[in-house]
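Worksheet: one structure, shown below.
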Amino acid sequence: MSIKVIIIDDEPLARQLVKNFLSEYSDLEVLAECGDGFEALKAIQQLNPDLVFLDIQMPKLDGFELLDVLPSRPEIVFTTAYDQFAIKAFELNAVDYLLKPFSRERFGEALQKARSRVGKNLAESALAVSKLQNHIETSREAIERVVTRLGSKITVIPVDKIHYLEAQDDYVMIYSELGNHLKEKTMRYFEQHLPSNTFVRIHRSSIINISQISAVELYTKDTHLVSLKCGAKLKASEEGYKRLRSYL
Amino acid sequence: MLNRFLSKNSWIIILTFWVAVAAIHFALLYQSFGVNLFLALFDSFVFNSIFSVFSVGIWFSLQFTRKVQRNWTERLSYFLAAIAFILLITIGSSILIMRAIGSDDMVYLAFLERSLTMRIIASVLIYLLLLSAFSLYQSINELRERIQREASLTEMLREAELNQLRAQINPHFLFNSLNSVSSLTIIDPSKAQEMVIKLSEFMRYSLSMADESLTTLGNELHHTGLYLDIEKVRFSDRLLIEKQVDGKCNDWPIPAMILQPLLENAVKHGVYSTTGISVVNLEIKCDNDYLLVGISNAYDPDSLPRKGTGTGLKNVSGRMKAIYRRNDLFSVKQTDHTFSVYLRFPLIIPS
């Protein structure tokens, strides 16, 4: 059985090098080469590869964002010039992390590791997905954009274009200038990762962008009603209103 | 502080002061009060030499109170205690000594009794005079020191700034370029060689240039051209460079490695914000007073600024300020789809 491979890198010569190193092995088949994250996402979904060589810094959608919106993940070997992402990559249970420029031998080692994992690790890749989720939940880095996927349509929403977010069962609905998008994440995740100087959780089920507020009025004894510029009206709990007031 | 106080000039001033005081003292005793020559001399000498020795204490008391930063009432009581102590010692001991010396002269002994109040008043006045002279001297010293410290701080700050602003080669650029070379060694060895040579020449230029070293526009353009060639190999047809350079400006003096960070910024923003072709524009012209450089790139307003960008711009603007000591030479213009940086280089560079 041959192993199906996709190479993702925004530099043509870097892709060529991986392809060249791979040509030594007869049981590997390169299905596609992609120069950016969107192209890669489409290719992975359509071609369902076993193994992906992935650069991290790419235009539009970077390597990590790409993984975040993938419904099911192939084995990943990261190829990058920076060592600063190595820890994150291993937390994502990547097969290996190749620092550019890398030798043929080092590349062979990575391939060896990948080969031992491909095809026999359904349980492991389920674990990998949960690890990925876990990693994203726990790292406290502020995010600059949210990437959502609906079928094959990917939307990248810069956080400052978000009006507000609302909990919907296991999902969060993101209302933004670019429309409404569902994301499989928790409210807690967004509360922790959206820039805390512009986003406030005013209720168990809603987070708002404070620059979008047009009016705040008393609703019942304990609750307030927050009106946003986009026309939405949201209830603020007693606690949520306190948080909001401390910002304004 | 003490060393400064004891400088040669200070000694001469202090000595002159006390000789003058002693002379007046003697003259008063001899002329106005009819004390005999010998005793008047001794009186003046004993009294003033003891006073002058103890007056050094005034200087230390000033230093002390200044250091511990007491409040005004505490300071005042401290000085009162000091003056009482000094007067007691000075007048007490000098009277005792003069009694022994002038023990045969009843007239003088009577005068010694009578003159006590006058001596106290004179001593207090001299004490106050010394106190104000010392504190004035101390204030001037402190002021001078502060000015010196500030001057050296500003200089240190400027040096630190320039050090920090040292144009550095971005490691990401370096390693990705080496990766491209690695790839070229397989598919096109002669192109790999060409790229290694260009990379080396560019790196040698950037490493050899100290922060304030000057070069000509022509030389800077040659080396940034090497840099752009390498980037074009990395991104192939995704990167397009458009240059409009007025050849007559080639000898204009500019700081070395000042254009490269801006071009790098433009390349990075352009290439990472679009999956299509990105264009970087370089326009250079000059008149009698200024060399004008404009660097612009198309960018996608929807794509967010990448982390770590902006430091290149800040560095260049900081270097322009530090080198030319003006802050109107660097400007940035942002429209919906283009980002431009403008630099003006005066002909004269302050030394």
What accessible area, in Å² to the nearest ten, does a 1.4 Å probe give for residue A:83?
100
What relative contact order, as a whole-number percentage, does region A:3-138 give when Cα pairs under 8 Å and 6 or more residues apart are counted?
21
For residue B:349, what accessible area in Å² do you get when you roll a 1.4 Å probe over the heavy atoms of the protein chains, rounding to the nearest 10?
40
Centre separation in Å (Cα based) which lies between region A:75-96 and region B:106-125
95
Which whole-Hz ³J(HN,Hα) couplings does region B:108-121 yield from phi under the Karplus relation 6.51 cos²θ - 1.76 cosθ + 1.60, θ = phi - 60°, glycine and proline marked x?
5, 4, 5, 4, 4, 4, 5, 7, 4, 4, 4, 5, 4, 4
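Give the value in nm², to one decimal: projected area of the alpha carbon convex hull of region A:171-227, averaged over all directions. Don't jump to the answer; show the numbers that get you there.
Details: hull surface 17.9 nm².
Over all viewing directions, region A:171-227 projects a mean Cα-hull area of 4.5 nm².
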So, in Å, what gap is there between the alpha-carbon centers of region B:8-74 and region A:1-65?
93
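Run through the DSSP bridge list for the protein assembly as shown and note the antiparallel percent, rounded to the nearest 5. Don't skip to the end; give the middle numbers.
On the way: 57 of 82 bridges.
Among the beta bridges of the protein assembly as shown, antiparallel pairing accounts for roughly 70 percent.
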Determine the residues within region A:1-40 where the difference in accessible area between the chain on its own and the full set of protein chains amounts to at least 50 Å²; count protein heavy atoms only and use a 1.4 Å probe.
A:10, A:11, A:13, A:17
When the helices in chain B are scored as -39500 (n - 2.57) per DSSP H run of 4 or longer and the sum is shared across all residues, what 222 nm value do you end up with, to the nearest 500 deg cm²/dmol?
-22500 deg cm²/dmol
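Taking a 1.4 Å probe, which of B:10, A:205 shows the most accessible area, and what order do the others take after it?
On the way: B:10 15, A:205 40 Å².
The most accessible residue leads, giving A:205, B:10.
If you wrap a convex hull around the Cα atoms of the protein assembly as shown, how much volume per residue is inside, in Å³? Write down the numbers at each step before the final one.
Values: hull volume 168.9 nm³, N = 599.
Residue-normalised Cα hull volume stands at 282 Å³.
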In sequence order, calculated HN-Hα J values of region B:228-238 (Karplus, 6.51, -1.76, 1.60; Hz; x Gly/Pro):
5, 4, 5, 4, 5, 5, 5, 9, 6, 6, 7
Rounded to the nearest 100 Å², what's the accessible area chains A and B bury against each other, both chains counted, probe 1.4 Å?
2500
So if we plug the beta-carbon distance of residue A:106 and residue A:222 into 1/(1 + (r/R0)^6) with R0 = 56 Å, what FRET efficiency do we get, rounded to 0.05?
0.35
Treating the angle as unsigned and between 0 and 90°, give the value, to the nearest 10°, between the Cα long axis of helix A:12-22 and the longest Cα principal axis of chain A.
50
Crossing angle, helix B:8-27 versus chain B [Cα axis fit, 0-90 degrees, rounded to tens]
20
Using a 1.4 angstrom probe on the protein heavy atoms only, could you order A:88, A:183 from most to least accessible area?
A:88, A:183
Value of Rg/Rh across chain A [Cα atoms, Kirkwood radius]:
1.07
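At a Förster radius of 60 Å, what calculated FRET efficiency corresponds to the Cβ-Cβ distance of residue B:103 and residue B:156, to the nearest 0.05?
Values: r = 67 Å, r/R0 = 1.11.
Efficiency, from the Cβ-Cβ distance: 0.35.
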With a 1.4 angstrom probe the carbon and sulfur portion of accessible area for chain B, in percent, totals 63
Chain B: radius of gyration over Cα atoms, expressed as a fraction of 2.2 N^0.38 Å
1.90
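In whole percent, how big is the carbon plus sulfur part of the accessible area of region A:145-247, probe 1.4 Å, protein atoms only? Present the calculation step by step, with values, prior to reporting the outcome.
Values: 2500 of 5480 Å².
Solvent-exposed carbon and sulfur of region A:145-247 make up 46 percent of the total.
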Per the protein assembly as shown, cysteines lacking a partner by the 4.7 Å Cβ criterion:
A:34, A:230
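Can you pull the semi-axes for region B:171-346, root of five times each eigenvalue of the Cα gyration tensor, sorted largest first, whole Å? Intermediate results must be reported in sequence, preceding the final value.
Working: eigenvalues 138, 85, 43 Å².
Ellipsoid semi-axes (Å, largest first): 26, 21, 15.
Please report, in debye to the nearest 20, how large the charge dipole of chain B is about its Cα centre when each Lys and Arg carries +1 at its beta carbon and each Asp and Glu carries -1 there.
On the way: 33 positive and 31 negative charges, 156 e Å.
Computed charge dipole of chain B: roughly 740 debye.
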How much accessible area per residue does region B:171-346 have, in Å², with a 1.4 Å probe?
44
Counting only DSSP beta bridges with both residues in chain B, what percent are antiparallel, rounded to the nearest 5?
75
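Taking a 1.4 Å probe, which of A:237, B:152 shows the most accessible area, and what order do the others take after it?
Numbers: A:237 35, B:152 55 Å².
From most accessible down to least: B:152, A:237.
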Test of understanding: what is the full-extension gain from residue B:336 to residue B:168, defined as 0.36 nm times their sequence separation minus their Cα-Cα distance?
57.5 nm
Alpha-carbon centroids, region A:206-248 and region B:228-273: separation in whole Å
49
Cβ-defined net charge surrounding residue B:240, 12 Å radius [Lys, Arg +1; Asp, Glu -1]:
0
Can you tell me the orientation of helix B:189-208 relative to chain B, as the angle in degrees between its alpha-carbon axis and the longest Cα principal axis, to the nearest 10?
20
Once the cut-off is 28 Å, how many percent of the Cα-Cα pairs in region B:40-182 end up in the long-distance tail?
51
Residue-span extension gain [residue A:20 to residue A:169] - 0.36 nm each, minus C-alpha spacing
48.9 nm
Partner chain coverage, peptide B:170-181 - average Cβ within 10 angstrom
5
5 angstrom amide H check on residue A:182, placed H, neighbours 5+ away:
A:174
Tell me, what is the 1.4 Å probe accessible area of residue A:153, in Å² to the nearest 10?
120
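The values are calculated or read from the model by the stated rules, or taken from the named source; none is laboratory data. Everything numeric here is computed off the predicted structure, so don't read it as measured data. Glycine also receives a Cβ, built like all others from the backbone with ideal geometry; neighbour counts cover every protein chain displayed. Keep in mind that these areas ignore ligands, DNA and RNA; they rest on the heavy atoms of the full protein, side chains included. Shrake-Rupley method; radii C 1.70, N 1.55, O 1.52, S 1.80 Å.
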